[in-house]
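None of the figures in this text is laboratory data; all of them are computed from the coordinates on show. Just so it is clear, the model here is predicted, and its values are computed rather than measured. Virtual Cβ from ideal backbone geometry, glycine too; neighbours counted across all protein chains shown.
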Ligand code: HEM
Ligand SMILES: [Cu+2]
């Protein structure tokens, strides 16, 4: 309330009438309702879009985590502290194998999503299982690599370079493992509950997650392995 | 069995932490007993702890923030008094203890005081201002809050069990590496900040999605209130840089726990990389805090000037400009670490450019007041005090952003004065202004203005008396984080600063008194209309406090300042819009998954800090199991029947109609 | 707020065709469409990946250009993934998704390039650790 005892809104109406120049005022009259004009004018989006979009934002933030580990690798790749260098620890054939496995798993993941959209439980499960098995093979290959390196005394404790190498590749491996855990849970959910809306939403998210991990892997095999081997 | 944990972890020889924790534990026990005796547990459990209502979560965030502000303030009092008595003397705090205090002070104030408050405001306001009924992911919202609380709990546990870091609020290696900080202090820091950081990230994602995907019909981007815009910008920054914090702390954790070499000064580690990464988070972090503060002030200036915000579009543009440019300036925190001219120049210039965006905002606020009928209510006092204080803080920031000048002032008390100038004058003033402004919305009655004014003047004067001496001392060469002082000439300024702290204490007391008096007189201060300040955005269209579903019918927005338009039409036509058809509403059911996760996060953090590996594994498995159970639930929502919606809405309409009648009887209507 | 209801109104097996879409999702498509997309994405990815491994192991192009070629191939393949697997398009229904992606790329770019630039600069001003470098500092 102002000194005149009136709410400012009442005074505003008066003043707008008294103030032909409308200093700093804009019109507030009713305007046309623009239905379906895009820009989210038409009210809240559906749950499906909200979930997908929120997960998308999460993925972007996860990529930022990776970017820090990439930056650390870029900065420390020369910091061998007298230990082995990149080209001494890389085995291109295994990386090619891992890349192939992960790429095909992205493909089967996509097919499972196509099956979900066709509401085929069986094929969804089959393709999800294929994705999981391929992911598992990927992880086993990575573990094999790490174990062989460790057997040669090449561990992250050896040098800054190795720290950043194991950190970056290991972080990706950790994500894939978490993805496998999630995948198992999703398959169980489909088995028990079928395609409820919220389960389909989660499958969309899982699909996004898995493809994003493949995108990160493209960065890793290019920058760490191929460029490190050369 | 218990890792590194044994009885020697309790600092029996140090009375200050011991007595403090004893008092805290007693008070906490007292509260628990009271709750039990009164039988309040069911209410607390159903309506607050497991609530997924964004308003409740927002209020709990603010409560946590206020508690932590008080804890941090106690640290501050100890530091200022220690420096005043330790001139050519020992003082009453040992170096080990003093170092823990300044570390805890910085960490708590920024991450557990200011952040929860800012996030609390965003949580409470954004859905209301957008005209919707909840945030995008209500249950995750609860998880986010409880994870933050879990981090705060861990930090406070360190008071009694073990110790806290002695590294400063950003634990620079190599000091923070195992070789130089073998104790659990840094581990407490790492896990507390890591856990709460993840909570913050969740909230950030939540609010970005809410703003971009969940606006009521007609609420296009350029009709959103400025506070919502700043919340969006701030949360975009959270999404962009909190992962950097997560990554950086994870790297330091790996160094400390398994002997890796990210930041060690041996074997090819690179301590400077930590400084680089942590500031890539740290600078945007201060803008995460200040942008919503700008939003709060924008709402207050236009409401209490009775005018639309001057230059609304330029305000939005400036917000987004600051959001992007603040990602480009982080090196100004380590100009002195030896980069060459090219790098220092680039970051010096980009830092100064931020001030342009801020300048646009300052002019907009001033022009909003110009030509308006300014009401000097308490929120407005804080806002005007902010303009004055923040301009000085921004100017000293620009000074620091000039690399050659920074070589003189870096890590001096001048720097300390700068950031307190912007954080207290900007963020904390905004919090108090906003609390005063939205308190009636949250609780249904206003705060008693008299004590609010006392609090404002004490804070304003106290702030300047405390920190002006620090600017001078900084220029005289006093560095930050000194446990004792060997230059007697600095004494007088340090005494003045203590006087300032005393004034600030009076201000804090006034705030508490204000709260008590207002609760006592709440019937007199009751806000019956739901629009106590003649507000302009949609939150004022709801009753105070709003029903849990916020809006009986989703508003249909037809212009900027959504509610103002509705209100003016009602006044001009002397009637409310015709009564709508009420439909049942679906609302999310409450869920204990938030507290559950946070409980095991706390256990996990504690186990990791003390190297109790089995417990850490148990906690992880339990947390995962909790998520699976949560994912399995069948009921996500419950229906509010149309009659209940109608009842709430009719009550609201009745009070608004009464107001209109009263105005027309007084002959006030035009 | 419930939007589940609006999902259920739609015929099963079909996505809603509102104005907006989330990533990884597309309006009103039969399963065949998704499979075609997946096939195309897989084929392009195989070509690009094979190209990258081949280039790295051979010397048919100018040596110093190999890293650049590899990065170009990687970016191309990321693009393929985004389009064919994540279904990011340039359509108006995707504006928000693309904007978020652009913001994310900006942040990644700033952090990686910024860190490399800054840390490289710091190195240049370090005291040399090897004796030979120290000698070169002599006037
Ligand atoms: C006009 C805008 C600003 C500029 C140009 C600026 C510039 C700077 C510079 C150059 C420093 C580093 C000084 C040094 O370490 O030697 C600094 C420190 C700091 N600034 Fe600002 N600043 C600005 C606004 C802000 C705002 C709005 C906040 C918070 C809300 C803030 C919070 C801080 C903090 C917390 C530190 C010190 C951190 C530490 O070293 O522990 N600044 N500022
Ligand atoms: Cu800064």
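From the Cα gyration tensor of the protein assembly as shown, with a ≥ b ≥ c the square roots of its eigenvalues, which class applies: rounded if a/c is under 1.5, or else prolate if a/b is larger than b/c, or else oblate? It comes out oblate by the Cα gyration axes.
How much length is gained on full extension from residue B:655 to residue B:265, taking 0.36 nm per residue of separation minus their Cα-Cα distance?
Numbers: separation 390, 0.36 × 390 = 140.40 nm, distance 6.85 nm.
Length gained, residue B:655 through residue B:265: 133.5 nm.
Counting only other chain Cβ atoms within 10 Å of each residue's Cβ, the peptide A:75-84 averages 4.
Considering Cα pairs under 8 angstrom that are at least six residues apart, work out the relative contact order of region A:47-229 and quote it in whole percent.
Details: 166 pairs, mean separation 65.1, N = 183.
Taking the mean separation of contacting Cα pairs over the length of region A:47-229, I get 36 percent.
Axis angle, to the nearest 10 degrees, between helix B:54-85 and the longest C-alpha principal axis of chain B: 40 degrees. Highest mean first, the peptides B:53-65, B:115-127, B:234-246, B:449-461 sorted by other C-beta atoms within 10 Å per residue fall in the order B:115-127, B:234-246, B:53-65, B:449-461.
Divide the volume of the convex hull of the Cα atoms of region B:314-470 by its number of residues and quote the answer in cubic angstrom per residue. All intermediate terms of the calculation are to be shown ahead of the outcome.
Working: hull volume 19.7 nm³, N = 157.
In region B:314-470, the Cα convex hull volume per residue is 125 Å³.
Is there a simple number for the mean count of other chain Cβ atoms within 10 Å of the Cβ of residues in B:624-633, and what is it?
On the way: counts 2, 0, 0, 2, 4, 0, 0, 9, 5, 1.
Mean shielding by partner chains, rounded to a whole number: 2.
A straight line joining the Cα centroids of region B:331-385 and region B:499-525 runs 30 Å.
Ordering A:174, B:130, B:320, B:277 from the fewest to the most neighbouring beta carbons within 10 Å gives A:174, B:320, B:277, B:130. Helix B:312-325 and the longest principal axis of the C-alpha atoms of chain B enclose an angle of approximately 20°.
With an a/c value of 1.5 or above and a/b not larger than b/c for the gyration tensor axes a ≥ b ≥ c computed over the alpha-carbon atoms, region B:20-127 is described as oblate.
With runs of 4+ DSSP H residues as the only contributors, calculate the mean residue ellipticity of chain B at 222 nm using -39,500 (n - 2.57) per run, divided by the residue total and rounded to the nearest 500. The partial results should precede the final answer.
Working: 21 runs with 437 residues, N = 670.
That calculation yields -22500 deg cm²/dmol at 222 nm.
Helix B:642-665 and the longest principal axis of the C-alpha atoms of chain B enclose an angle of approximately 80°.
Across peptide C:69-77, the mean count of Cβ atoms from other chains lying within 10 Å of each residue's own Cβ comes to 4.
Could you sort A:159-167, A:95-103 so that the peptide with the highest average Cβ count within 10 Å comes first and the rest follow in order? Don't jump to the answer; show the numbers that get you there.
Numbers: A:159-167: 26.0, A:95-103: 20.3.
Top of the packing list down: A:159-167, A:95-103.
So what is the relative contact order for region B:414-573, in percent, with contacts set as C-alpha pairs under 8 Å and at least six apart?
On the way: 166 pairs, mean separation 48.5, N = 160.
Contact order relative to length: 30 percent.
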